Each structure stands twice: as structure tokens, then as C-alpha cells.
1. Hand me the list of helices (runs of 4 or more DSSP H) wholly inside the stretch 272-360 holding 1 or more residues that are within 30 Å of residue 150 (Cβ to Cβ).
2. Give the residue that is nearest to the chain's Cα centre (by Cα), with candidates limited to residues of the stretch 34-47 that are touching a residue at least 60 places away in the same chain (Cβ under 8 Å) and assigned to a helix (DSSP H, G or I).
3. Only residues that are modelled with pLDDT of 95 or more and among the aliphatic types (A, V, I, L, M): list them for the stretch 148-164, please.
4. Determine, yes or no, whether residue 51 is modelled with pLDDT of 90 or more, within 42 Å of the chain's Cα centre (by Cα) and part of a helix (DSSP H, G or I).
5. Might you let me know whether the stretch 57-66 holds any residue that is assigned by TED's automatic domain parsing to the domain that holds residue 117, touching a residue at least 24 places away in the same chain (Cβ under 8 Å), under 54 Å from the mean Cα position of the chain (by Cα) and more than 30 Å from residue 312 (Cα to Cα)?
6. Output the residues belonging to the stretch 298-312 that are surrounded by 17 or more Cβ atoms within 10 Å (Cβ to Cβ) and of a type outside the set (Phe, Trp, Tyr).
7. From the list 307, 282, which one is at pLDDT 95 or above and either of a type in the set (A, V, I, L, M, F, W, C) or under 22 Å from residue 162 (Cα atoms) (or both)?
8. Output the residues belonging to the stretch 102-117 that are touching a helix residue (DSSP H, G or I) at 6+ places or on another chain (Cβ under 9 Å) and either surrounded by fewer than 16 Cβ atoms within 10 Å (Cβ to Cβ) or among the aromatic types (Phe, Trp, Tyr) (or both).
Amino acid sequence: MAQVINTNSLSLMAQNNLNKSQSSLGTAIERLSSGLRINSAKDDAAGQAISNRFTANIKGLTQASRNANDGISLAQTTEGALNEVNDNLQNIRRLTVQAQNGSNSTSDLKSIQDEITQRLSEINRISEQTDFNGVKVLSSDQKLTIQVGANDGETIDIDLKKIDAKELGLDTFNVTTKGNKVGSQIADGATIKYDNAGTVGDAKVDASGLKANEKLVSGSDKDGKTIYMVETTATDGKKSYVSATPTFTAGTGGAADTVKFAASTTAVDIPDPLATLDKALSQVDGLRSSLGAVQNRFDSVINNLNSTVNNLSASQSRIQDADYATEVSNMSRANILQQAGTSVLAQANQSTQNVLSLLR
């Protein structure tokens, strides 16, 4: 090797190796202090991109799990309110059975009806005031969509129904009034002729017990006597409904001696009170069952989400996290090389002193 002063190749080589060992030491210390193998894209460009996608999925699925838990809470809140509605309906049915007993006085029936009215009012209050995070869960028919995944379209719908006295068919429910049986029923389109005038007598006409779809119509016969007709029900082995449509004008005299009756084609059967309550209970049970099923579905979703998050986290860890055993070994190696390099560099710097000895 030539003896030169301007260029100390040994020193340059020692410096280069010292810089490499110092860089390795810095990388090992960075990874050990952060716990991450990838601290910037230069450490592993492809691994950094994959790890970033994993991070997006993991965060999305974690939030989806929270959303599913919120869905369970909403369903539980709604179900709790329905339990109270069910309790009130059960008590109304018990009171209705009590009211069907013929030994009850008018006062007894009024007391029973008063309690029924209060319980129906409570059902309406529950419907109007049951709230979850600002959502009135029983005040209207609505669909709530819960995001249960990290991507578009991964949702579960909760179908909510309006539950109040009117929706249950109980807004005019009354146990104090019961109509009389029909003596005979006129066929649809039949014609009745009156040959004799009515017998004079006294009669009390009271329309206070009529339902919304019943009518009380008054008129006069050919002799000027006042007659009254009211819609009612008849039984021929099944429920039927007859409405009377006379040819005279209600409230005026001068009716002809022929009156035609026609069966209504739009009227609805008047159900028995206990059957009406059973239908209301069935309606509540249907919504409760739906809420129970969706809660089970949310539980399954949460379990699946947690499992997916665990698997993705493990995969991300293998790509992104630092292996401490490896990094400690790398740090020790780089530290030893740095110390050795520093010592060798000092020796390399002394090599030019040999050239000076030639000048003495």
C-alpha cells in the first residue's frame, strides 16, 4: 500500500463501518423504545401499507361492536316498556273477566271501567314517553338501522311498532255497556210492508251506549208516530252486522209504508272484549319476540366481531410489532461494533504518522 498523507483509506473505511453500526444501533433503540418494527414507510413500505389497512378494519370493527351493544340496549329498553304494557293488558283482561260476571252492579262495573281507563292511559303514556337516546321507540312505526360492520351495507334493522290503546284496538274499550240481542234479522235487500199503524205507548230511547260505527235513526210512520231504528248485531252461528237504511229522511215525517233494509258491505265485526284483549296481547308478544330475536342476533354479531378483531390484531402484530428478542440482540451487536469501530478508527488515524517518520 502506498504511503500517502492526503487520503487515509483505512480511516475512511473505519468511518464507514462505524456509521453503519451507529445506524443499526439507532434503529434497534427506536424499535425497542416504540415497540414497533415499522416506524416509518422506509422500514417496510409494503408492510406499512398492509398494517394500515388492518388498522382501519380493526377500528371499524371495534366501533361496530359498540354499535351492536347500543342496539341491544335499545331493544332491551323497548322490551322493558313492552313488559309494562303487557302487565297492564293482563290486568285489563282480568278486570274484563270480572266484569262479565252477572252479579256485578252498575256501580261495580263503573269502578272496573275506571281502573281499565287508567291502565289504558298508562299504556298511552308508556308509548309516548319511552325514550332511548332521543328516539321514541313506541310512539310510531319505524325502522332503525344499526351499522354492525366495517364496510357499507353491513347493517341490522330493528323494526319498531307503535303500541298504544288505539293501535291495540282498545281506545273505545268499555265493559259497562252491552247491547240487547237481535230478535230477528232482515236479509240483504228484503222489503218490509207495514199494514197497521203502531200501537201507542211509551218508550225510552238512549243512544249513549252506541259505538262509533252504530247509528240511531228516527222517523215517523204513516200516522205521524215517531219510530227509532238502531244498528246492532245478529248471530247465526257466526258474527254478522246489519245496518238499516230506511227510505225516509231522518228527523222528518211522511215516510212511505214500505221500508227497505240493506246489509252493510263495509262494517267491521264487533269482537268480544276478551278476544279483543287476546289480540292486543298477541300483538305485544309479537313485537317482544322480534326484539328478543334481534338481541340474540346482536349477541352473535358481537362474538363474531370480537373474534375477527382478535385475528386481525394478531396478523397486524406479526407485521408491525417489534420482536424484542431480535432487537435486543441487534442492539447489543451494533453497540459492540460501534465500540470496536471507534477503537479501530483511532488506530487508522495513526497510520499517517508513519509517513512523517520518513521526513525526519
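The values are calculated or read from the model by the stated rules, or taken from the named source; none is laboratory data. No experiment lies behind these values; they were computed from the predicted model shown. Here Cβ is always computed from backbone atoms with ideal geometry, including for glycine, and neighbour counts include all displayed protein chains.
1. 273-320
2. Here the answer is 47.
3. 148, 156, 158, 160, 163
4. yes
5. Checked against the condition, which is being assigned by TED's automatic domain parsing to the domain that holds residue 117, touching a residue at least 24 places away in the same chain (Cβ under 8 Å), under 54 Å from the mean Cα position of the chain (by Cα) and more than 30 Å from residue 312 (Cα to Cα), the stretch 57-66 yields no hits at all.
6. The answer is 301, 302, 305, 308, 309, 312.
7. After ruling out the rest, the residue left standing is 282.
8. If the condition is that a residue be touching a helix residue (DSSP H, G or I) at 6+ places or on another chain (Cβ under 9 Å) and either surrounded by fewer than 16 Cβ atoms within 10 Å (Cβ to Cβ) or among the aromatic types (Phe, Trp, Tyr) (or both), then 108, 115 are the ones that fit.
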